[in-house]
Every structure is written in structure tokens, then in C-alpha cells.
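The values are calculated or read from the model by the stated rules, or taken from the named source; none is laboratory data. In this text, all values refer to a predicted model and were calculated from it rather than measured experimentally. Backbone-built Cβ (ideal geometry, glycine too); neighbour counts: all protein chains shown. With ligands, DNA and RNA removed, areas are computed over all heavy atoms of the protein, side chains included. Shrake-Rupley method; radii C 1.70, N 1.55, O 1.52, S 1.80 Å.
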Amino acid sequence: MMLHIHQKYYFRFQFKKMQNLTFVPFIGISRNRLATDGVGVTTLAAFWGCPLSCKYCLNPQSLKKNASVKTYTPEELYHLVKIDQLYFLATGGGITFGGGEPCLYPDFIKEFRACCGEQWNITMETSLNVPLKNVKALSSVVDDYIVDIKDLNPEIYEKYTGKTNRLPTANLKWLIEQGKADKIRVRVPLIPNYNSEKDTKNTVFTLKKMGIKEIETFSYIFKK
């Protein structure tokens, strides 16, 4: 189902029920990805909608008020992506939920896990800037996390995203407390005009103290 979605109707569509089925909006699905979005061969399914307003957003269509999206039920999405099941099983891969912010859709992802079973790896590409209850709801069905933490400095984070970093920091600590540190890769970007190399080093230092071992640092590069 293709439709245009206005942001003020976002939460109405988030868990829309039609004939007892959960339909949610996606901005795109990308198959046969390798070494970019988790273990093995993966399919990236990107949700529409995000709580942040990052100045350099990678997927601005996830924030557009009149974005063109496709809606799927968990079962519909499963049947769409299972074409690559042999690749998933052979490489230990599976599906990566991104966006937008996938942690806004815990019910959908839990239903999807019921469809695909335990044999696929489910990875979340997330900012973790969602209520803790969402993270808790997903903890039993998600295998790996790729966390876009931006910067742990509260002032830098808020200036760049428009939101505080209270939730992502607390959620990351909670996941670590659940023994999931080895299942988390944290991305720490150097963001021109927003943070410095010193800031990124401070963030990396703090993450290591928290117990995170896999940390990816990189620089945003903009084409003129």
C-alpha cells in the first residue's frame, strides 16, 4: 500500500489496526547489503518517522511531512524479504531495522520475529532516543544493536538533534546492565560545526568506561 503521510498523523499510522493486522510505514527496503548493517548479508528495512531533527540527516525522507511510504504488516514484510533467506542462513545475517527510528515500532518488530523465527539475525540501527519501555519490549527479540549516539555531551547533542540525550544515555546503560554490551556497536561521528576531535575522544572514553568495546569513529563528509 503506497500513501502520502503527514507528520501530524504519524502516531495514528504507527500502530494502525486493520482487520487485527498491524500496518506501519516504511521509506524503503534495501537487499543484499554486506558488512554495512550488521553480520553477514542483510536486508535493511527503514521505517518512516523519527523523534530527532538532526541537522545532517542521512534519510530526510523519514521526516518529510508528505513523504511517500509503503505500509506493511509484519507478515507481509516477512514474505517480501524471505527471498534472501539462503543468504541470511549461510552468512549469519538477517534483517536490519533502521529508519527513521525503528524503536518506535516494538509491536511490529516483535510480530516480525514471530514470523521469521529465531534463525534470522535481527539488528537495530537506532538512536535509542525513545522511552525505556520500548527498549525493554524489544530486548528479547533483537540480536544486535548499532547505536548512533552522536555525542555524549548534552549541549552538543541537543544543538545537533533538537532533543536531549537523557533517554539514549539511560537506555544504553540499561542494555549494558542486561549483559548486552558485546551485542552493541556504537557510532561516534565527527560532525563539522558541531563537535571536535576532542569531543569525540571524550565520548569514546566514556563509552569504554561504560563497557562498550565496539566503537566506530568516522567523520561526516559533505559534497560541495
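Quick notes on this one:
- Within the range 140-152, residues that are within 19 Å of Ser53 (Cβ to Cβ) have Cβ atoms under 6 Å from residues that are in a loop (DSSP other than H, G, I, E, B) and open to solvent by less than 30 Å² (accessible area, probe 1.4 Å) in these pairs: Val147/Leu128; Asp148/Ser127; Asp151/Asn195, counting only partners at least 6 apart in sequence or on another chain.
- Taking the numbered list (1) under 21 Å from Glu101 (Cα atoms); (2) of a type outside the set (Lys, Arg); (3) touching a helix residue (DSSP H, G or I) at 6+ places or on another chain (Cβ under 7 Å) in turn, Met210 passes all entries but (1).
- Lys70 meets the conditions (1) surrounded by fewer than 20 Cβ atoms within 10 Å (Cβ to Cβ); (2) within 12 Å of the chain's Cα centre (by Cα); (3) part of a strand (DSSP E or B) in every case but one. The failed one is (2).
- Looking only at residues in the range 104-122 that are assigned to a loop (DSSP other than H, G, I, E, B) and open to solvent by less than 10 Å² (accessible area, probe 1.4 Å), the one that is nearest to Thr73 (Cα to Cα) is Tyr105.
- Top-ranked residue of the range 81-103 - restricted to ones that are in contact with a strand residue (DSSP E or B) (Cβ under 7 Å, 6 or more places away or on another chain) and open to solvent by 50 Å² or more (accessible area, probe 1.4 Å), ranked as farthest from Gln61 (Cα to Cα): Thr91
- Against the conditions (1) more than 26 Å from Gln119 (Cα to Cα); (2) under 15 Å from the mean Cα position of the chain (by Cα); (3) in a loop (DSSP other than H, G, I, E, B), Val142 satisfies every one except (1).
- Residue within the range 161-176 that is touching a strand residue (DSSP E or B) at 6+ places or on another chain (Cβ under 9 Å) and over 30 Å from Tyr72 (Cβ atoms) present: yes
- Once the range 123-136 is narrowed to residues that are without any contact (Cβ under 8 Å) to a residue 40 or more places away in the chain and open to solvent by less than 30 Å² (accessible area, probe 1.4 Å), the residue that is farthest from the chain's Cα centre (by Cα) is Asn134.
- Tallying residues that are in a loop (DSSP other than H, G, I, E, B), open to solvent by 50 Å² or more (accessible area, probe 1.4 Å) and within 15 Å of Val147 (Cβ to Cβ) within the range 177-194 yields 1.
- Residue in the range 87-102 that is assigned to a helix (DSSP H, G or I) and farther than 15 Å from Asn121 by Cα present: yes
- Residues (among the acidic types (Asp, Glu), open to solvent by 40 Å² or more (accessible area, probe 1.4 Å) and in a helix (DSSP H, G or I)) located in the range 195-224: Glu197
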